[in-house]
Amino acid sequence: MSEWEDFQSPGSVFHLLAGHIHPADAPSYMSDPTYYGLYHALALKIQPKIILEIGVRFGYSAICMLHGSKGKASFLGYDFEHWPGSNDFAEHILKKLTSGAVRLVRTNTQAHVSLPLTEGFTPVDLAHIDGQHDVAALWHDLDLVHPLLGRPGYILVDDVADPNLRFAASKWADVNGLRSHELGSLRGHLLLTA
């Protein structure tokens with residue numbers, strides 16, 4: 001039995017997000033109270049020193065991961081800023097939540113063969129992939145993150161309720177010698193481990 005087989009969200013962590021919800025964000029985005037609990041619980045379990053996230057948006061998952069790291073992790077995020085102003089909003093909050101460094105790079109990761117501005121943010125203990133939601137983009141983002149991953153290192157892939165994305169992430173893990181573990185949530189999460 002895998003140590004991740006029974007891993008689940010402890011429930012709602014909306015209290016961690018209180019005061020950090022962007023006014024323009026739709027309330028329906030918060031429809032699953034366990035969704036962000038998974039990020040918090042995962043960071044509590046592995047206690048990452050460095051977190052990397054592709055697809056930061058307003059920073060809600062990052063907020064929960066930093067709380068789970070007890071405010072000690074450094075955070076490196078990449079976002080194309082599809083939502084104008086979202087990155088400034090996230091960066092302002094994230095810098096208040098950790099004693100570690102925070103860097104938010106405004107770029108489309110699909111335009112890079114390696115992630116820029118990683119100095120001081122490696123090796124990565126926990127990477128979260130929540131960028132462009134198609135198979136080719138997911139595979140590309142996984143390829144970008146993999147060389148930066150520490151040992152042990154963890155990659156959490158979001159939105160694998162889509163069977164195409166779940167298959168692609170599992171296949172990528174197989175090709176790269178990692179194991180995949182399904183973690184339950186409304187939108188689906190796959191944890192990739194060495």
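The values are calculated or read from the model by the stated rules, or taken from the named source; none is laboratory data. Values in this document were obtained by computation on a predicted structure and should not be read as measured data. Note that each Cβ is placed from the backbone with ideal geometry, even for glycine, and that neighbours are counted across all protein chains shown. Areas reflect the complete protein model, heavy atoms only, side chains present, ligands, DNA and RNA absent. Shrake-Rupley method; radii C 1.70, N 1.55, O 1.52, S 1.80 Å.
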Next item on the list: Name the single residue, out of those in segment 74-92 being in contact with a Lys or Arg (Cβ under 6 Å, 6 or more places away or on another chain) and open to solvent by less than 10 Å² (accessible area, probe 1.4 Å), that is farthest from Gln47 (Cα to Cα).
Entry: Ser86
Notebook entry, point to check: Taking segment 169-192 on its own, how many of its residues are in contact (Cβ under 8 Å) with a residue 60 or more places away in the chain and either open to solvent by 10 Å² or more (accessible area, probe 1.4 Å) or more than 17 Å from the chain's Cα centre (by Cα) (or both)?
Noted result: 6
Next item on the list: Consider only pairs whose beta carbons are under 7 Å apart and that are at least six residues apart or on different chains; among these, list those whose first residue lies in segment 133-147 and is touching a residue at least 60 places away in the same chain (Cβ under 8 Å) and whose second residue is open to solvent by 70 Å² or more (accessible area, probe 1.4 Å) and of a type outside the set (A, V, I, L, M).
Entry: Leu144/Ser114
Next item on the list: Would you check which residues across segment 58-73 are buried (at least 22 other Cβ atoms within 10 Å of the Cβ) and part of a loop (DSSP other than H, G, I, E, B) and list them?
Entry: Phe58, Gly59, Ser69, Ala73
Item checked: Residues of segment 44-57 classified as under 23 Å from Asp25 (Cβ atoms), touching a helix residue (DSSP H, G or I) at 6+ places or on another chain (Cβ under 8 Å) and surrounded by fewer than 24 Cβ atoms within 10 Å (Cβ to Cβ), total -> 1
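Results for (1) modelled with pLDDT of 95 or more; (2) under 14 Å from Asp79 (Cβ atoms); (3) among the charged types (D, E, K, R), shown as yes or no for each residue.
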site	(1), (2), (3)
Val102	yes, yes, no
Thr109	yes, yes, no
Val113	yes, no, no
Thr118	no, no, no
Leu126	yes, no, no
Ala136	yes, no, no
Asp141	yes, yes, yes
Pro147	yes, no, no
Gly150	yes, no, no
Next item on the list: Output the number of residues of segment 42-57 satisfying the condition of being in a helix (DSSP H, G or I) and basic (Lys, Arg).
Entry: 1
Next item on the list: Among what's in segment 147-168 and is under 14 Å from the mean Cα position of the chain (by Cα) and not in a strand (DSSP E or B), pick the residue that is surrounded by the fewest Cβ atoms within 10 Å (Cβ to Cβ).
Entry: Asp159
Notebook entry, point to check: For segment 86-141, what are the residues that are closer than 20 Å to Gly68 by Cβ and of a type in the set (D, E, K, R)?
Noted result: Glu91, Lys95, Lys96, Arg103, Asp125, Asp130
Next item on the list: Under 6 Å between Cβ atoms, at least 6 apart or on separate chains: pull out the pairs that start in segment 84-105 with a residue that is in contact (Cβ under 8 Å) with a residue 60 or more places away in the chain and on the phi < 0 side of the Ramachandran plot and end on any residue that is part of a loop (DSSP other than H, G, I, E, B) and not hydroxyl-bearing (Ser, Thr, Tyr).
Entry: Ser86/Arg57; Ser86/Phe58; Phe89/His22; Phe89/Phe58; Ile93/His20; Ile93/Gly59
